[in-house]
């Protein structure tokens, strides 16, 4: 699966950073994308709770600009999407809506997304620099994706996945969240992400 959207993110790497500051950075980027595309921004959150209503994100909480995976409404596709502290299911939903457009993510440490950022080349809005992926690591991830069509649900796929995880470890990549979110960026299902997570946990 190729990446079909421009990506940016605000990493959750400072416990003292105010969520409103992170939101302002994300809004500046995604609004610029929206202007270039003559489209409106769509806000995606895990649920319709009050977390965004007293923040700069409140501008997107109209019914036609705010959706969730479980909200019973699906927004238009191919639009600039701002995903606020998504879990992996919400990230998948947001990425589908952003196809052929743009996706900006405000990360939460509860769901680390450095692997997603590396695979998508997401611009770090704190530094202005795009994330990148080592060529050898990218090759190993390609192989891992190849065996993930069935979500690593049979012994054949699991056997190959274990070998590739060994290769990733030899390349210095052992972080569970990095690998899982990198596979999410490549379109591996939530079921597949869960199975890979289990395989990684068993290596510990």
Plugging the Cβ-Cβ distance of residue 170 and residue 100 into 1/(1 + (r/R0)^6) at R0 = 41 Å yields, to the nearest 0.05, a FRET efficiency of 0.65
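Neighbouring Cβ atoms within 10 Å as the yardstick, rank 92, 33, 135 fewest first. Each step should come with its number before you reach the end.
Numbers: 92 18, 33 22, 135 7.
With the sparsest Cβ surroundings first, the list reads 135, 92, 33.
May I ask you to compute the full-extension gain from residue 143 to residue 65, defined as 0.36 nm times their residue separation minus their alpha-carbon distance, rounded to one decimal in nm?
Details: separation 78, 0.36 × 78 = 28.08 nm, distance 3.77 nm.
Full extension of this stretch gives 24.3 nm more.
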FRET efficiency for residue 160 and residue 135 from the Cβ-Cβ distance with R0 = 25 Å, rounded to 0.05, comes out at 0.75
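Which value in Å is the Kirkwood Rh of region 1-69 over different Cα pairs?
Numbers: mean 1/r = 0.0746 Å⁻¹.
For region 1-69, the Kirkwood estimate is 13.4 Å.
Using the beta-carbon distance between residue 20 and residue 49 and R0 = 22 Å, what value does 1/(1 + (r/R0)^6) give for FRET efficiency, to the nearest 0.05? Write out the running numbers ahead of the final one.
Values: r = 16 Å, r/R0 = 0.75.
For residue 20 and residue 49, the calculated efficiency is 0.85.
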Nearest 10, in degrees from 0 to 90: the angle of helix 88-97 to the longest Cα principal axis of the chain is 60
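Over region 135-203, what relative contact order in percent results from Cα pairs under 8 Å that are six or more residues apart?
Working: 54 pairs, mean separation 27.9, N = 69.
Answer for region 135-203 is 40 percent.
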Pseudo-spin-label distance residue 199 to residue 32, built 7 Å along Cα→Cβ, given in nm, is 3.9
Square roots of five times the C-alpha gyration tensor eigenvalues of region 88-148, ordered largest first and given in whole Å, equal 20, 16, 12
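All of the numbers you see were taken from the coordinates with simple rules; none came from a lab. Quick caveat: nothing in here was measured; it's all calculated off a predicted structure. Cβ coordinates were reconstructed from backbone atoms using ideal geometry, including for glycine residues, and neighbour counts include every protein chain displayed.
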